[in-house]
Amino acid sequence: MLPCSIPAVQAGPQALYCLDIMSEPLATQLRLRRASRLLEVSFSDGSRFELPFEYLRVHSPSAEVKGHGPGQEVLVLGKETVGIVAVEPVGQYAVKLVFDDGHDTGLFTWKYLHELGREQPEKWARYLERRAQAQRSAPSAAPKR
């Protein structure tokens with residue numbers, strides 16, 4: 001947070017602060033690589049990330065995946081071969097990804113895409129751990145007689 005440059009806002013000993021949105025990296029290029037199932041995103045800070053479709057699907061910012069509050073996240077399974085059929089721009093700040101399983105809610109802001117890229121090793125490891133735990137605790141199929 002930086003002090004606002006608007007003089008009226010800075011008046012008084014308890015100056016208000018505003019978010020410097022220009023400090024957030026902006027996406028400069030998006031490439032949908034369907035054969036390798038990757039979304040390549042380049043940012044104004046020089047960073048570039050290759051985000052697998054499955055990773056994007058299971059970390060969708062939608063309420064369906066994130067829930068409506070802390071602790072309400074849903075573990076999404078079975079998306080190993082999911083594809084992206086469209087990338088739709090939303091203003092100057094986000095894209096909507098349309099997945100071939102019909103999921104198309106949740107806006108991937110530049111900030112969130114940058115976070116997903118920057119934190120990919122940790123987020124992916126945590127997802128794989130949760131997925132493995134869910135598979136271990138799932139009832140196994142009864143043997144056929």
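Throughout, read-outs are computed from the coordinates displayed, never taken from laboratory work. In this text, all values refer to a predicted model and were calculated from it rather than measured experimentally. Neighbour counts are summed over all protein chains in view; Cβ atoms, including those assigned to glycine, are modelled from backbone coordinates with ideal geometry.
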- Message: Translational diffusion coefficient of the stretch 64-110 at 10 °C, 1.306 mPa s, Stokes-Einstein with Kirkwood Rh over Cα pairs, in µm²/s as a whole number.
- Response: 132 µm²/s
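In the stretch 33-73, which trypsin sites (Lys or Arg not before Pro) are in a loop and have at most 16 other Cβ atoms within 10 Å, using DSSP for the loop call?
Details: sites: Arg33, Arg34, Arg37, Arg48, Arg57, Lys66; in loops: Arg34, Arg37.
Hits after loop and neighbour filter: Arg34.
Select from the stretch 16-94 those GluC sites (Glu not before Pro) which occupy a DSSP coil region and have at most 14 other Cβ atoms within 10 Å, ordered by residue number. Mind dumping the intermediate values first?
Details: sites: Glu40, Glu50, Glu54, Glu64, Glu73, Glu80; in loops: Glu73, Glu80.
Filter output for the stretch 16-94: Glu73, Glu80.
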- Equivalent ellipsoid semi-axes - Cα gyration tensor, the stretch 75-145, angstrom: 31, 17, 8
- Item | Qualifying chymotrypsin sites (Phe, Trp or Tyr not before Pro) for the stretch 58-119 [loop in DSSP, other Cβ within 10 Å: at most 16] | Tyr93
